[in-house]
Amino acid sequence: MQPTDIAVELRRRTPWEAIDLGLSMLQRWWQQAYGTHAAVLGVLALAAFATAAWLEQPWLALALVWWLKPVYDRAVLHVVSRAVFGELQGARAAAAHAREWLRSGLFMALTFGRFALARSFDLPVAQLEGQRGSAARERRSVLARRTRGHAVWLTVVCLHFEAVLYWSLHLFATMLLPATSVESREFFDALTTGAAWSYADAAAYAGAVLILEPFYVAAGFALYLNRRTLLEGWDLEVALRRIAARAAPAILLLMIAALPLLAHAQKEPKKEIAEVLKAPEFGYEREVMRWMPRASADEQKASGGVLPDFRFAVWLAKLAQFALWALVAAALAYALWWIVRSLPRRGAPPAPERYQAPAALFGMELAPEKLPADVPAAALRLVQEGKAREALALLYRASLSRLVHERGVELHPSFTEMEVLALAPSDYLQSLVQAWRACAYADRAPAADAIERLAQGYATL
């Protein structure tokens, strides 16, 4: 990267001005940036959806689209950084250089560095400077002074905008679908199994990432450029080069006139440089944080006190750090275990659980020993006594008991009358269910002769 080739105005900016510069850069080169971003995101999103469909886990598509953000970021940064230094590249040219930006620490970005809070600000160190390991850490530490806080806030703000845009797209898609009724308890239960997320959710989230991620990358890159300008004096270098280009003839004449004087100079260059560097103007600035006593050492000695010992605090801080890292490791281990458990198993499927006949359905006991020996005769006696509801209840209860205990129909306590009819279609059972529903729910008891016909037809079930 040569400062003289840069296509933006170099000057010392505040971090917030630098972020605004990144948005202006994206406005200028939005076609190249969004074209490349859409191509990379589209390919990876299709692969994520295909993987989720193969595993029959819709939530996995959303998770993969989120996890692969470092790949999209590198494609966008490749285009924007080349454009800033005077080289416009589209999606095709970026794809031709894919090996170059995919090798820039992508594995670390997808694993240990995936949760970095200043991701867009740190990315140019790995991708544009090619720094790795301890050199990269030292470089990021130098650049982060007085700027990392703004980079973290950039991540937090973009995260909130992404959430708002995702929910907006999700609700818009929901408005276009048929109305459904979902109980809140069912939704929160589905969250634990992943069933609460659908392919529409994954598509809405991919749309939010498509719109917002280039803004995030461009703003972080502008913060990086501004920090390098402040540290390395890029703006001064560019200004001096322009002055030198305008005054080149005069400078050349001065150098020619000064050659005789330089020839007689007997000073040693190393000693002169050492003397110049002793001046206070050539110092450096560094921010440090450390514990300090409230009173100076002299005051402590005068008062007979002893300087406090902070070794216990340091030990406690290290213990807390170890506990937090252990918690993170346990969370990652649990996540991997849960993902592996969710993968489809090869081989024979597990044997289904043995069906257990329910003790009651619709509030009616189904045990055969709870029924009279002659159900039709008992129902006719209840009709003669004017107890139509009880007679229908007895016939219905006996019919359900026969279906479960004699016919082997697997009925569950959650079933409705219509589900019972779907599993055991029968003209008699349909007539009996219609009569029972009219009597139990609408308080319309059928005529006595109709109940007598149902009692006489009980044997045909």
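The values are calculated or read from the model by the stated rules, or taken from the named source; none is laboratory data. These figures come from a predicted structure and were not determined experimentally. FYI the Cβ positions are ideal-geometry reconstructions off the backbone, even for glycines, and counts take in every protein chain you see. Remember, those area values only see protein heavy atoms, side chains included, never the ligands or the DNA or RNA. Shrake-Rupley method; radii C 1.70, N 1.55, O 1.52, S 1.80 Å.
Quick look at the values:
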item: Among the residues listed as Gln300, Gln384, Gln356, the single one being modelled with pLDDT of 80 or more and polar (S, T, N, Q); result: Gln384
item: Filtered residue count, the range 359-376, keeping only those that are among the aliphatic types (A, V, I, L, M) and either touching a residue at least 40 places away in the same chain (Cβ under 8 Å) or on the phi > 0 side of the Ramachandran plot (or both); result: 3
item: Subset tally (residues that are under 22 Å from Trp67 (Cβ atoms) and either β-branched (Val, Ile, Thr) or open to solvent by less than 50 Å² (accessible area, probe 1.4 Å) (or both)) for the range 112-135; result: 13
item: Failed item, numbered, when Gln27 is tested on (1) over 15 Å from the mean Cα position of the chain (by Cα); (2) without any contact (Cβ under 8 Å) to a residue 24 or more places away in the chain; (3) more than 17 Å from Phe215 (Cβ to Cβ); result: (3)
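This table checks each residue for (1) among the small types (Gly, Ala, Ser); (2) over 30 Å from Ala53 (Cβ atoms).
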| residue | (1), (2) |
| --- | --- |
| Trp337 | no, no |
| Leu361 | no, yes |
| Pro372 | no, yes |
| Ala378 | yes, yes |
| Leu382 | no, yes |
| Leu421 | no, yes |
| Tyr428 | no, yes |
